[in-house]
Amino acid sequence: MFILTISINIKAQTIKIAAAGNLRFTLEEIKTRYTKINPGVNITVTLGSSGALFQQITNGEDFDIFMSADRIYPDKLKAQGIISGEVQVYAYGKLVMWSNTLDLTKGIDVLTENSVHRISIAKPEVAPYGERAME
């Protein structure tokens, strides 16, 4: 996951954040803590897929911070000259396997067992974790 600062006016009363949907709960906590320390600041958060947020930004939507789930989009914005901030990593993700019925101590080989009929992953076309799961 990556963060991209678009432009922040330190004296601004509102900070507009565009963020990947999986950051919903984390950003609510950050927002609560930040506004408690800085009571005059309003933070608005727009959640969506990184690709959709990228499109909004390239079409002129104004955000102060873009928190993408994939580095591709911040790098494209930088290459297109749409932003002047630096692309910075804010977190590293990790794929996991979870099941409430299978013994996963066998690792990924458990997926080849006859008892496994379906697995679920994020949609690879729109989600970086789905693409990584396919790999």
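Listed options for Rg and Dmax of the Cα atoms in Å are [x] 18.5, 73; [y] 18.3, 61; [z] 18.6, 78. The value calculated from this structure is the one marked [y]. Can you find, among Asn22, Ile43, Ile82, the residue sitting farthest towards the positive end of the charge dipole of the range 2-89, where Lys and Arg contribute +1 and Asp and Glu -1 at Cβ? Result: Ile43, furthest along the dipole toward the positive end.
Taking the Cα centre of the chain as origin and assigning +1 to Lys and Arg Cβ atoms and -1 to Asp and Glu Cβ atoms, the resulting dipole is close to 380 debye.
Working out 0.36 nm times the residue gap between Thr35 and Leu95, then minus their Cα-Cα distance, what length gain in nm do you get to one decimal? Mind showing how you got there, number by number?
Details: separation 60, 0.36 × 60 = 21.60 nm, distance 3.24 nm.
The Thr35-Leu95 span can extend by a further 18.4 nm.
Entry note, the chain: the mean residue ellipticity at 222 nm calculated from DSSP H runs of n ≥ 4, each adding -39500 (n - 2.57), is -8000 deg cm²/dmol after division by the residues and rounding to the nearest 500.
You can think of it this way: the chain between Asn59 and Val126 has 22.2 nm of extra reach, that is 0.36 nm per residue less the Cα-Cα gap. Distance between the modelled labels on Ile119 and Thr105, one decimal in nanometres: 2.1 nm (7 Å Cα→Cβ projection).
Each reported figure results from applying straightforward, stated rules to the coordinates on display, with no laboratory input. Just so it is clear, the model here is predicted, and its values are computed rather than measured. Neighbour counts are summed over all protein chains in view; Cβ atoms, including those assigned to glycine, are modelled from backbone coordinates with ideal geometry.
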